[in-house]
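Input: a single structure, listed below in structure tokens.
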Amino acid sequence: MGENVTTRGVDLLGLPTGTRLHLGDTAVVEVTGLRNPCAQLDRLRSGLLAATLGRDERGNLVRKAGVMGIVLAGGEVRARDPIRVALPPEPHRSLEPV
């Protein structure tokens, strides 16, 4: 399993391929595609994979997914560090599963 960053207030699934996320002072991650949670989560903590499923206000199943990215610049990332989103040049390409 790769490294994970939990975010709030950023529509990760709506970002185009090639978007750069600037985390904290120096870290930069380029978004490369969509990623669905896998069974490895339960090896980390039992029941974690089931926690990636939820329900909307009408009771419809909502699968919580994330994005895959590559680290362009390393750095220390702390809880509550700001995240700056830098979109790539247009035309934008939607994220696809990787």
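None of the figures in this text is laboratory data; all of them are computed from the coordinates on show. All values reported here derive from a predicted model rather than from experimental measurement. Because the Cβ atoms are built from the backbone with ideal geometry, glycine has one as well, and the counts that use them run over all protein chains shown.
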Equivalent ellipsoid semi-axes, the chain, via Cα gyration tensor eigenvalues times 5, rooted, Å: 24, 18, 13
Return the percentage of antiparallel bridges among DSSP beta bridges fully within the chain, rounded to the nearest 5 %. 95
Of Gly24, Leu53, Leu34, which is farthest towards the positive pole of the chain's charge dipole, taken about the Cα centre with +1 and -1 on the beta-carbons of Lys, Arg and Asp, Glu respectively? Leu53
Search the structure for amide H atoms under 5 Å from the amide H of Leu95, placed 1.01 Å from N in the peptide plane, and list their residues when 5 or more places away or on another chain. Thr17
Computed [θ] at 222 nm, helices only, for the chain once each DSSP H run of length n ≥ 4 contributes -39500 (n - 2.57): -1000 deg cm²/dmol
So if I take the centroid of the Cα atoms in the range 1-26 and the same for the range 61-87, what is the distance between those two points in Å? 2
Under 5 Å, built H, 5+ apart or other chain: amide partners of Met68: Thr32, Gly33, Leu34, Arg35
Choice from Val62, Val77, Val29 with maximal GNM fluctuation in the chain (Cα, 10 Å cutoff): Val62
Could you grab the relative contact order for the chain? Cα pairs under 8 Å, six or more apart, rounded to a whole percent. 43
Order these peptides, 15-21, 64-70, 34-40, by their mean beta-carbon neighbour count within 10 angstrom, highest first. 15-21, 64-70, 34-40
